[in-house]
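The values are calculated or read from the model by the stated rules, or taken from the named source; none is laboratory data. No experiment lies behind these values; they were computed from the predicted model shown. Note: ideal-geometry Cβ built from the backbone for every residue, glycine included; neighbour counts use all protein chains shown. All accessible areas refer to the heavy atoms of the entire protein, side chains included, with ligands and DNA or RNA removed. Shrake-Rupley method; radii C 1.70, N 1.55, O 1.52, S 1.80 Å.
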Amino acid sequence: MKTFLGALILCVLPAATLLADEPERPASERFAAAGHDAATPDFQKHMVPLLSRLGCNGRACHGSFQGRGGFRLSLFGYDPAMDYEALTKSQTSSGGTLVDADEPDSSAMIEFPTDGDIHEGGQRFARDSWQHHLITTWIRNGMPGPAEPPHVLEQLEVTPAELVFAAPRQTAQLRVVARWADGSREDVTCLCRFQTNNEAVVEIDESGHVTSLGPGDTHVVAFYENGVTAVPVLMPVSDQVGEKFPAVAARTEVDRLVLDKLRKLGTVPAEVCGDAEFLRRVSLDMIGTLPAAAEVEAFLADTSPDKRQRKIDELLGRPEYAAWWATRFCDLTGNNPQQMGEAAFRTEQSQQWYNWIRRRLEENAPYDQMVAGLLLARGRQEGQDYHAYAEEMTSYVRKEDPADFAERLDMPHYWSRNSFRTPEDRVLGISYAFLGLRIQCAQCHKHPFDRWTQDDFRQFTGFFRNATYGVSREARDDYDKLMEELGLKGIDGGQQRRMMVQMARDGKPVPFRELFVTPAPAGRNARAATARLLGAETIDLRKCDDPRQPVMDWLRRPDNPFFARAIANRLWAHYFGVGIIDPPDDLNLANPPSNRELLDHLAAGFIQSGFDLKWLHREITGSDAYQRGWQPNETNLLDRRNFSRALPRRLPAEVAYDAVIQATASDDKLAKWAADPGQRAIGHASLAGASRYAMQVFGKPERTTTCDCERSSEPTLLQSVYLLNDQDTLNLISSGGWATEAARRLTPAARKGREPAEVPDETTNAVIREAYLRTISRPPADEELAACRGHLAAAATVQDGLRDLLWALLNTKEFVVNH
């Protein structure tokens, strides 16, 4: 084991590092004994990290916004200057000071945390400990404050870089070294906080001592100052590792990378699924639509070896692909009609948003171009005056021959939402949608699990301060004049909206607010005219015609660590039910990928393809990893993060509702419905009427928050009740749909003077087979066929029996779950 860990250390650290001098000894050694000759602790490097490690600046202690005992620290140490002020100027509840420069050992910040009886937070460290000596040395040596400018932490090096255990209760010790921009290095293991991401696999104590607990894989994470480093930990689930791993073909690069991880874990993947299972899975996932009965029959009869890849290509070319994925991208970008800026045209603008995205998907526009159309949108097009703009916007909502909004180059409605007006809201929305980041914590304090500070958040808002949705100063006179000409001034809001709607329906230009961008101020305050990209350079906005442009340029850069990875991870999560980083909207340093090489491959290939979304769909669904069966074996029964088998997933709300309609519809209705995805739940920007209840029951998101969790995939009792006996479902089964049509085939009319002819067994079997193909996309097994024939024979009428059959199939797990 020692040899193995040593090899890992050699692999992880560059040669220059190994040849350099050893880092500064840890504070736990340098301050182990009391002494007046000890070096002075650095406030940023030692004092603040020590307070974090001791939990003093946590939410439950002095880091809360109320503080504790009249003493408040910045949460997680996000503001060292504030902490210095608090430590040196604050008074205790009894009126004394926290620090006593003359008698450091008598300081309240020594007496309280070393005495569990008087300190509400209990004993945090012992007297005569290295922590005690470090703090008293800092006090004795003059209590120096944070360095100006602050030290810059370049890297947090953790060794070993990977831990592989063979059995429970094995141990290893982490060593953490901070490397600063000035070239200095220090062992900071004793000043770090540590966490495990899975307490069933491994535990880690406050000293960085790791103990294996059970099979599986996870990460342990080290936190110090602004650095976060995760170390993968693995214990095989079986003895089938390395050379003992069974021979499993890797048809694609995705498969090779997945199998590399499974081989280390001893997790044997499931067999590739059958054709019927594959067809149903990929159809529901990729186009949100059940395969038609005839489509299943044709696919099962096809013996060509490339039929799965051809089916993937066919599905990507069908209109349902663009319809379904436009809905998913509307989820991501927050298309909520209740938030649209023009209250009179909320529904229309929401549909325009949907149509604009759908057109880009139909044309397979590069993903970066689609995002640019959102992020760099403006109200007026180049050279357009305000009156022409009002005419254009009215043309999209007029009743006679409305213009096609999707032909616009950009989509300004993204910026018009009431929930997207402040720079802070925009940072949250853009970081969530296009970077996969939950950055809201940094709005108030340092992010507890990532590198982002409050200053990072504030700096990023600078790119979005100059975009405004409203009436520009330059257009104000034209706007007011048009309002007056139409008799809209001085009228209450509701009446005014109704008048505007009617005029616009008649084709009469009405005033619309617009999205406009003003240049950054050219004043002397250079800081106000700059903004910083997340984890990247500072931009002088005075040199930009549009302050948002540098953000879009940064997103497109090959070295951007978020843009391509975020969408690649989201698509993977859609197809597998779990992301390579999970949750898929939480890319943070403490939540690393379960398979870093796999995510790197997808992101790099996506960029190389020119941000081609269809490349991602093909790369993922064309792999054996995606096409594996859901039945587990003894090695992968508990696997939910390494893609050794398919995870059964409840159908999304829109897909489930459409599937019920598709399964029960008559052939004629089905043909019309299939021809226009816009008639379906997957093809609507918003839903009303009878389907709204079904959407709520099955978890369609309202698009009011920046969180993937808003779309629920959890099964509930209400969903079962809806399929069992909701009037919507019963009406679809019984009101002249497929069951009625099929009943006619099984009850031929009697000829004159003769008894009705007997229905051949083949006809009955064909009807039962079609019911199965329509609902669960596979033929019935022999015992299922016999049971269905028995029920039809015993039913009061053939139509009753067929309705029972259809109802029973709709209420199977096979129907409502994609497997």
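If the requirement is being under 26 Å from Pro215 (Cβ atoms), in a loop (DSSP other than H, G, I, E, B) and not acidic (Asp, Glu), which of these qualifies: Pro584, Pro547, Pro561?
Pro584
Filter region 140-195 down to residues that are β-branched (Val, Ile, Thr) and modelled with pLDDT of 95 or more and give me whichever is nearest to Asp79 (Cα to Cα).
My answer is Val188.
Given the criteria modelled with pLDDT of 95 or more, farther than 19 Å from Glu295 by Cα and in a helix (DSSP H, G or I), does Glu783 qualify?
So Glu783 passes the test.
Could you list, in sequence order, the residues of region 250-263 that are open to solvent by 40 Å² or more (accessible area, probe 1.4 Å) and either at pLDDT below 95 or within 30 Å of Arg179 (Cβ to Cβ) (or both)?
Selection gives Asp260 alone.
For region 309-350, how many residues meet the condition of being open to solvent by 30 Å² or more (accessible area, probe 1.4 Å), modelled with pLDDT under 95 and of a type outside the set (D, E, K, R)?
4
Quick test for you: out of Thr729, Thr740, pick the one residue that is closer than 17 Å to Ala795 by Cβ, assigned to a helix (DSSP H, G or I) and assigned by TED's automatic domain parsing to the domain that holds Asn811.
Exactly one of Thr729, Thr740 is closer than 17 Å to Ala795 by Cβ, assigned to a helix (DSSP H, G or I) and assigned by TED's automatic domain parsing to the domain that holds Asn811, namely Thr740.
Looking at Gly274, Gly266, can you tell me which residue is at pLDDT 95 or above, on the phi > 0 side of the Ramachandran plot and in contact with a Gly (Cβ under 9 Å, 6 or more places away or on another chain)?
Of Gly274, Gly266, the one residue that is at pLDDT 95 or above, on the phi > 0 side of the Ramachandran plot and in contact with a Gly (Cβ under 9 Å, 6 or more places away or on another chain) is Gly266.
Which helices (runs of 4 or more DSSP H) sit wholly inside region 80-148 and have at least 2 residues that are small (Gly, Ala, Ser) and in contact (Cβ under 8 Å) with a residue 40 or more places away in the chain?
none
Please pick out the residue among Ile430, Ile491 that is of a type in the set (A, V, I, L, M) and either in the same structural domain as Asp708 (by TED's automatic domain parsing) or under 25 Å from Arg570 (Cα atoms) (or both).
Ile430
Of Asn226, Asn198, which residue is touching a strand residue (DSSP E or B) at 6+ places or on another chain (Cβ under 6 Å), closer than 25 Å to Leu599 by Cβ and modelled with pLDDT under 95?
Only one candidate passes the filter, namely Asn226.
Just give me the residues in region 308-346 being within 30 Å of Gly470 (Cβ to Cβ), part of a helix (DSSP H, G or I) and not aromatic (Phe, Trp, Tyr), in sequence order.
Ala326, Thr327, Cys330, Asp331, Leu332, Thr333, Pro337, Gln338, Gln339, Ala343, Ala344, Arg346
Residue pairs, Cβ under 7 Å, 6 or more apart or interchain, first in region 710-728 and on the phi < 0 side of the Ramachandran plot, second β-branched (Val, Ile, Thr) and not in a loop (DSSP other than H, G, I, E, B). List them.
Every condition considered, the pairs that remain are Leu718/Val697; Gln719/Val697; Tyr722/Val697; Tyr722/Thr729; Leu723/Thr729; Leu723/Val816.
I'm trying to understand the selection: among the residues of region 613-638, which are acidic (Asp, Glu), more than 20 Å from the chain's Cα centre (by Cα) and open to solvent by 20 Å² or more (accessible area, probe 1.4 Å)?
Within region 613-638, just Glu634 meets the criteria.
I need the strands (runs of 3 or more DSSP E) fully contained in region 188-230, keeping only those with at least 3 residues that are open to solvent by 30 Å² or more (accessible area, probe 1.4 Å), in contact with a helix residue (DSSP H, G or I) (Cβ under 9 Å, 6 or more places away or on another chain) and over 16 Å from Val48 (Cβ atoms).
Fully inside region 188-230 and qualifying: nothing.
Going through region 351-383 one residue at a time, which ones are among the small types (Gly, Ala, Ser) and open to solvent by 40 Å² or more (accessible area, probe 1.4 Å)?
Within region 351-383, just Gly383 meets the criteria.
Just give me the residues in region 786-799 being of a type outside the set (S, T, N, Q) and open to solvent by 60 Å² or more (accessible area, probe 1.4 Å), in sequence order.
Ala786, Ala787, Arg789, His791, Ala793, Ala794, Ala796
Which one of these is farther than 22 Å from Asp368 by Cα, under 19 Å from the mean Cα position of the chain (by Cα) and among the basic types (Lys, Arg): Arg426, Arg438, Arg421, Arg451?
Going through Arg426, Arg438, Arg421, Arg451 in turn, just one is farther than 22 Å from Asp368 by Cα, under 19 Å from the mean Cα position of the chain (by Cα) and among the basic types (Lys, Arg): Arg451.
Can you give me the number of residues within region 519-534 that are in a loop (DSSP other than H, G, I, E, B) and either exposed (fewer than 14 other Cβ atoms within 10 Å of the Cβ) or at pLDDT below 90 (or both)?
Summing the residues that are in a loop (DSSP other than H, G, I, E, B) and either exposed (fewer than 14 other Cβ atoms within 10 Å of the Cβ) or at pLDDT below 90 (or both) in region 519-534 gives 8.
How about region 60-76: which of its residues are open to solvent by less than 30 Å² (accessible area, probe 1.4 Å) and either closer than 15 Å to Glu120 by Cα or assigned to a loop (DSSP other than H, G, I, E, B) (or both)?
Cys61, His62, Gly63, Ser64, Gly67, Phe71, Leu73, Ser74
Say we look at region 498-512 and pick out the residues that are in a loop (DSSP other than H, G, I, E, B) and buried (at least 19 other Cβ atoms within 10 Å of the Cβ); which of these is nearest to the chain's Cα centre (by Cα)?
For region 498-512, the residue satisfying everything is Phe512.
Residue check, Glu154 against (1) farther than 30 Å from Trp452 by Cα; (2) touching a residue at least 24 places away in the same chain (Cβ under 8 Å), all met but one. Which one?
Just one mismatch for Glu154, condition (1).
Can you spot a residue in region 369-384 that is touching a residue at least 12 places away in the same chain (Cβ under 8 Å) and touching a Gly at 6+ places or on another chain (Cβ under 9 Å)?
no
For region 36-45, name all the residues that are open to solvent by 10 Å² or more (accessible area, probe 1.4 Å) and within 26 Å of Gln155 (Cβ to Cβ).
Answer for region 36-45, where residues must be open to solvent by 10 Å² or more (accessible area, probe 1.4 Å) and within 26 Å of Gln155 (Cβ to Cβ): Ala39, Thr40, Asp42, Gln44, Lys45.
Mind checking whether some residue in region 468-490 is in contact (Cβ under 8 Å) with a residue 40 or more places away in the chain and of a type in the set (Lys, Arg)?
There is no residue in region 468-490 that is in contact (Cβ under 8 Å) with a residue 40 or more places away in the chain and of a type in the set (Lys, Arg).
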